[in-house]
Amino acid sequence: MKEVKKTRNTPSREAARAANGVRHRKRRKRSYTLYYLLLLFFVLISGITLSLTVFFNIETIKVNGSSLNSAEQIINQSGIKKGNNLFRINPEKAAKLLKDNMQNIDSVRIERKFPSSLIINVTDAVPTYYVSDGNSYTVISEGNRILDTGIAKEQVTAPIRLEGLEVSKFQKGDFIDGKANAKLELLQKIKQAAAKNELTNITAINLISDVDLSVEIEGRITVRLGNSTELSYKINFAQNIIDTKLDKDEVGVIDASKAGKIYFSPGSVASSAASMITSSGQATSNVQSGSSAGKNSSGVNTSSKLTASVGTGSE
């Protein structure tokens, strides 16, 4: 009988088979990865396409905040229509279009509400300030938009007189550029300080001098504020004096230009305009002498009343 020799796999052959198996597994893994990437890409493209065509189309448009224009007018002027896609509209462009087309609008903010709604928030341009141009007047909104030019005094409906703001180069419908007009920054600071102290009965604001600002309250009390530092503090003191120390019909000037010190000078508001353009030292002297000489209708020395109030406010 012949001997049959048994052959055995050598270690090198087994290693080759193992390596070959690893290569096959890696190849299959790469194939699966490519497959899933292609599938993900297809899903994303399909989702984007559907979102821009089938889904998220506008079904309802709501308008908030306007009492001067109807919702239909605002929607028509915005250029946005029902059926437009929420992703494809341009809110900034629509807001600009509204302000350009409708001169009685101060600001517009457009919100997308998924899946199918749009909200247009409008702030009306309401007459707030008026400026004298000599024999005529210019009316300005809260948002610094020119609403009327060259009108007579009896046509003015704005409640607050502005002094020191140059408006002659602007036309009806223009917005006064805050960057080009430093007086607007002062106006904004006074507005913020007044709002913080809930001072709502201002009838005039004087911006002629950056270091001698003033406001007029109820057409009877002029409050001298000096420069724009610590405006809230100064207005708070003045408001406290008006509310607690002066009679309801008292007329005169409150000098709050120096924080921590405050004086009241009885007299007409018209005469107070002269004191607003004097130097700080002259004004203080005039006010102190006026206060020491005069008493209010209750018979109490006005200067002593204010001194006590300032002491209380400083504690």
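Observations on the model:
- The listed residue being under 22 Å from residue 165 (Cα atoms) and out of contact with any strand residue (DSSP E or B) (no Cβ under 8 Å at 6 or more places or on another chain), out of 191, 248: 191
- Within the range 160-212, tally of residues that are within 15 Å of residue 132 (Cβ to Cβ) and in a loop (DSSP other than H, G, I, E, B): 8
- Unique match (being closer than 21 Å to residue 183 by Cβ, in a strand (DSSP E or B) and either within 18 Å of the chain's Cα centre (by Cα) or not assigned by TED's automatic domain parsing to the domain that holds residue 184 (or both)) among 147, 118: 147
- All of 156, 126 fail the test of being under 17 Å from the mean Cα position of the chain (by Cα) and not small (Gly, Ala, Ser), apart from 126.
- The lone criterion from (1) assigned to a loop (DSSP other than H, G, I, E, B); (2) at pLDDT 50 or above left unmet by residue 298 is number (2).
The values are calculated or read from the model by the stated rules, or taken from the named source; none is laboratory data. This structure is a prediction, so every number in the text was calculated from the model and none was measured. With ideal geometry, Cβ positions are generated from the backbone for all residues, glycine too; neighbour counts draw on all protein chains shown.
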